[in-house]
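Encoded as structure tokens, the structure appears first; notes follow it.
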Amino acid sequence: MKAFGYVSAKDLEHAIALLGEHGAKAKILAGGTDLLVELKHAAHDPEVIVDVSRLRELKDIAVADDGLHIGALVTHSDIMNSPVIRDMFPALVAAAHSIGAMQTRNLGTLGGNLVTCVPSMDSGPALIALDASVTVANAEGQRRMPLAELFVGPRKTSLKPGDLLVDIVIPKDNLGKPAAFEKFGLRKGQALALVNVGASFWVGDNSVFVAPRIALGAVAPTVMRAPKAEAFLDGCKISAEAMAEAGRIAAMEAKPISDFRASADYRRDLVAVLVKRALANAQARATAKEKELVA
Amino acid sequence: MTDVTMIVNGQVRGASVPPETTLLQLLRDNFNLTGAKLGCDVGDCGACTVIVDGQAVNSCLMLAGQADGRQVLTIEGLASRERLHPIQTAFENSGGLQCGFCGPGVLLSAKALLDENLNPSTQEIRDALSGNLCRCTGYTKMIEAVQDAARLLREESRAQLTHARTEATAP
């Protein structure tokens, strides 16, 4: 690695001050699983690394008035071990578990995964399917925006120098919304997604899809919703046929590329299958929750 | 330069290193602990795995400064002067390693797993070892070794419990 300065932020205020001071010359170090690799490959040449990995206030998982807050520094392992998330959102646990291996999940953070913003990120689809938003802090204060507005393109976010991702918020109305995450990679362990999918919906009266969400990863420059598939499902009777049809529609909406991992056609086929599976798993989740409530 | 102080294998160690030094470089080049290996250097192979504050991590993906004030366990700290750690005994008995390059990382991943779970399923063992690549032994013997180590550790903790109870009831 090329030489750089290093400063470890003591708390959020200190981190914001450091980022304000160094601006575009700084790179933020959280879990380091992406940043250190990029630094070794000389993808960046920062003057200073602002290490935020010790900020305790960014490591909480808590339900507040406006929803579930997951601190940006919560690691993938933390998500897998969180009783709150395991209970409310097994889809997020599945997504976290599918990232890297134990060692990288112990280091890598949710915020880091989102901010690195690779098209195949595994944290994105389930969160987008749950209408998550993010809190960003800088010297001027804090602002909240939909997670989808964070993603601009491959490895490109809307964050400006001086900005720090603080937390990820799943809105109150979606707490416990049945959701699922599906991923297909070339191996079971340590593989990037060829396609990954997040899906969620409420089961309405007369067993119809309500507020269906389908989010697709690795088939567009950033995580994308499948609005036509969602519109098809909205109000439609829940059935395996409807799920399969939503998968076919989503496959047409996806904009995959061909690369050394898979062809665009193969990825489209995967979208159809994974959307169907994700919807079926979300339904299984809804049924399991209902039984829990009855019991 | 970055000043770091940490507890490595139970001993306080300190150094002053350039900020871009990884924990792996610090351990190998400054502390002369060469058990953790430099393999891929990008967090894929797991040869550099060490345990920091109880969690297995890739030491090639941590800056030395990030380990300041923390507890680090490397393969050199696993055995005591008197005996091998049960995980090491189990790997020796099962022939779980051939060339041994991946060994320190594999054993520490296994330790991190067994510290949390003394009765892991095969799937849980596979999951815990999925970040450690081996290019010669293969994984079957390793999984057997971890199962065997779990058994040894369970027996040990039972024996300790019995011993403690005897002590407690002794006049």
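The values are calculated or read from the model by the stated rules, or taken from the named source; none is laboratory data. Given the structure is predicted, the values throughout are model-derived calculations rather than measurements. For neighbour counting, all protein chains shown are included, and Cβ atoms are generated from backbone atoms with ideal geometry for every residue, glycine included. Surface accessibility is based on the protein's heavy atoms, side chains included, excluding ligands, DNA and RNA. Shrake-Rupley method; radii C 1.70, N 1.55, O 1.52, S 1.80 Å.
Key figures for this structure:
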quantity	calculated
Pairwise Lys count, segment A:177-280 - Cα closer than 21 Å, eight or more residues apart or different chains	11
Charge dipole magnitude, Cβ of K and R +1, D and E -1 - segment A:54-138, Cα centre, debye nearest 20	360
Cα point-scatterer Debye curve for the protein assembly as shown, base-10 log of I(q)/I(0) at q = 0.07, 0.09, 0.12 Å⁻¹	-0.40, -0.65, -1.09
Total accessible area lost when A and B pair, probe 1.4 Å, Å² to nearest 100	2200
Probe 1.4 Å, protein heavy atoms only - accessible area per residue of segment A:172-295 in square angstrom	49
Mean separation of Cα contacts under 8 Å, 6 or more apart, over the residue count of chain A: relative contact order %	15
B:MET1-A:SER207 pseudo-label distance in nm [points 7 Å out on the Cα-to-Cβ vector]	7.3
A:ASP87-A:ASP269 FRET efficiency (beta carbon distance; Förster radius 30 Å; 0.05 resolution)	0.30
Fraction of accessible area attributable to carbon and sulfur, segment B:110-171 (%, probe 1.4 Å)	51
Extension gain, A:LYS172 back to A:GLU140 (0.36 nm per residue minus Cα-Cα distance, nm)	8.9 nm
Residue-normalised accessible area of segment B:1-118, expressed per residue, 1.4 Å probe, Å²	41
Test item: Cα-centred dipole of the protein assembly as shown, Lys/Arg +1 and Asp/Glu -1 on Cβ, debye	900
Reachable aspartates and glutamates from A:LYS59, criterion Cα separation under 20 angstrom, eight or more residues apart if same chain	A:ASP11, A:GLU13, A:ASP34, A:ASP51, A:ASP78, A:ASP87, A:ASP122, A:ASP163, A:ASP167, B:ASP53, B:ASP68
Volume in Å³ per residue [convex hull over Cα atoms, computed for segment B:1-129]	106
Residues of segment A:89-133 buried by at least 10 Å² on assembly (accessible area, 1.4 Å probe, chain alone as reference)	A:HIS97, A:ALA101, A:MET102, A:GLN103, A:THR104, A:ARG105, A:ASN106, A:LEU107
Principal-axis tilt of helix A:12-22 within chain A, Cα atoms, nearest 10 degrees	70
Partners for B:LYS37 among aspartates and glutamates (Cα-Cα distance below 14 Å; same-chain residues under 8 apart left out)	B:ASP29, B:GLU76
Inter-label distance for A:HIS14 and A:LYS59, nm, one decimal - labels placed 7 Å from Cα along Cα-to-Cβ	1.4
